[in-house]
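This report refers to the structure that appears directly beneath it.
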Amino acid sequence: MADDLSQLTQLTATTQTTNTITKAQREEVEALFNLVDTDGSGEIDEDELEELFALVGVDVSPEEISEVMREADADGSGEIDREEFAEVMLALPPCRHSPNEVLRCFRLLAGPRAPRNGRMEHAQLIHALVNLGRGRCAPAEAKALAEQLKPRKDGTVAYARFLA
């Protein structure tokens, strides 16, 4: 964990933004920033950063949170603005999971009674995000995350959206 944290905190020094960033990547980073910026201030403070780590299941000490904040906060304002956040996030290596791993997670979130038709109820996904795991989401966060998968007209989310 310390190695992962060290890598994350060193990213701002080695980030090289290029013109190869796609519109989809920019939109994804913006959506993530908006989820983390829970007070809507346009900046991420230490409490919001701590919530982000908890959401993804990473246990960090207050000292580690402060260290990450110092490294990501390029202008020294005490908060991470959109540009600083994007710089760090776009420097991270892409997180890719095999289709089997994604399917396993999809089925876990869908629940044992879900039909095996490659879909789950949108409401079930929100329920799972709010109630399962260590990094449980607040209802508003869960709804925002689930909406990113663009539910179908029948109220379901397709497995194929998880792979996108």
Going through segment 59-79 in order, the residues found to be open to solvent by less than 50 Å² (accessible area, probe 1.4 Å) and within 28 Å of Leu132 (Cβ to Cβ) are Val60, Ser61, Glu64, Ile65, Val68
Here the residues within segment 108-138 that are in a loop (DSSP other than H, G, I, E, B) and among the basic types (Lys, Arg) are Arg113, Arg116, Arg134, Arg136
Is it the case, given these coordinates, that Ala54 is of a type in the set (A, V, I, L, M, F, W, C), closer than 21 Å to Ala140 by Cβ and open to solvent by 40 Å² or more (accessible area, probe 1.4 Å)?
yes
Residues in segment 137-155 that are free of Cβ contacts under 8 Å to residues at least 60 places away in the same chain, of a type in the set (Asp, Glu) and surrounded by 12 or more Cβ atoms within 10 Å (Cβ to Cβ): how many?
1
Of all residues in segment 102-124, which are farther than 11 Å from Tyr159 by Cβ and surrounded by 14 or more Cβ atoms within 10 Å (Cβ to Cβ)?
Gly111, Glu121, His122, Ala123, Gln124
Could you check segment 61-83 and list, in sequence order, the residues that are charged (D, E, K, R) and either within 16 Å of the chain's Cα centre (by Cα) or on the phi > 0 side of the Ramachandran plot (or both)?
Arg82
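The values are calculated or read from the model by the stated rules, or taken from the named source; none is laboratory data. Fair warning: this is a prediction, and the values are worked out from it, not measured in the lab. Note that we place each Cβ from the backbone using ideal geometry, even for glycine, and neighbour counts take in every protein chain shown. Each accessible area value is taken on the protein alone, full model and side chains, heavy atoms only, with ligands, DNA and RNA left out. Shrake-Rupley method; radii C 1.70, N 1.55, O 1.52, S 1.80 Å.
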